[in-house]
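The values are calculated or read from the model by the stated rules, or taken from the named source; none is laboratory data. Just so it is clear, the model here is predicted, and its values are computed rather than measured. As a convention, Cβ positions derive from the backbone with ideal geometry for all residues, glycine included, and neighbour counts pool all protein chains shown.
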């Protein structure tokens with residue numbers, strides 16, 4: 001993930017998304033990409049015990065915080081995970 005810069009590209013795609021849609025008219029992150037990207041990030045960090053550098057943790061933590069403010073109660077559901085799984089991901093990017 002690090003060798004081929006997949007992790008950095010994934011984090012960039014989630015935290016600073018490019019416009020998408022037929023005409024590039026949608027500014028927010030593509031919901032399908034977001035769901036799959038968060039699943040990949042969670043798998044890497046939790047299941048594979050992958051490491052993130054401090055800058056990556058800060059960016060992810062900031063992004064999750066902003067997303068929680070937009071979708072306070074449904075963030076875990078939006079990302080197809082349980083509340084406990086979301087909490088576990090948040091804890092990993094705090095340390």
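Looking only at residues that are assigned to a helix (DSSP H, G or I) and over 19 Å from residue 15 (Cβ atoms) in the stretch 80-95, which one is modelled with the lowest pLDDT? Among those residues, the one meeting the criterion is 83.
How many residues does the stretch 51-67 contain that are over 14 Å from residue 91 (Cα atoms) and not in a helix (DSSP H, G or I)? Count: 1. Count of the stretch 54-79 residues, restricted to those that are surrounded by fewer than 12 Cβ atoms within 10 Å (Cβ to Cβ) and modelled with pLDDT of 95 or more, is 2.
Residues in the stretch 15-32 that are more than 10 Å from the chain's Cα centre (by Cα) and surrounded by 15 or more Cβ atoms within 10 Å (Cβ to Cβ) were compared, and the one that is farthest from residue 53 (Cα to Cα) is 20.
Taken together, the residues in the stretch 4-16 that are within 21 Å of residue 70 (Cβ to Cβ) and touching a helix residue (DSSP H, G or I) at 6+ places or on another chain (Cβ under 8 Å) amount to 5. Would a scan of the stretch 6-14 turn up a residue that is assigned to a helix (DSSP H, G or I), surrounded by 11 or more Cβ atoms within 10 Å (Cβ to Cβ) and touching a strand residue (DSSP E or B) at 6+ places or on another chain (Cβ under 9 Å)? No, that holds for no residue.
Yes/no matrix, rows are residues, columns are (1) part of a loop (DSSP other than H, G, I, E, B); (2) touching a helix residue (DSSP H, G or I) at 6+ places or on another chain (Cβ under 9 Å); (3) farther than 19 Å from residue 2 by Cα:
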{"position": "23", "(1), (2), (3)": "yes, no, yes"}
{"position": "35", "(1), (2), (3)": "no, yes, yes"}
{"position": "42", "(1), (2), (3)": "no, yes, no"}
{"position": "69", "(1), (2), (3)": "no, no, yes"}
{"position": "76", "(1), (2), (3)": "no, yes, yes"}
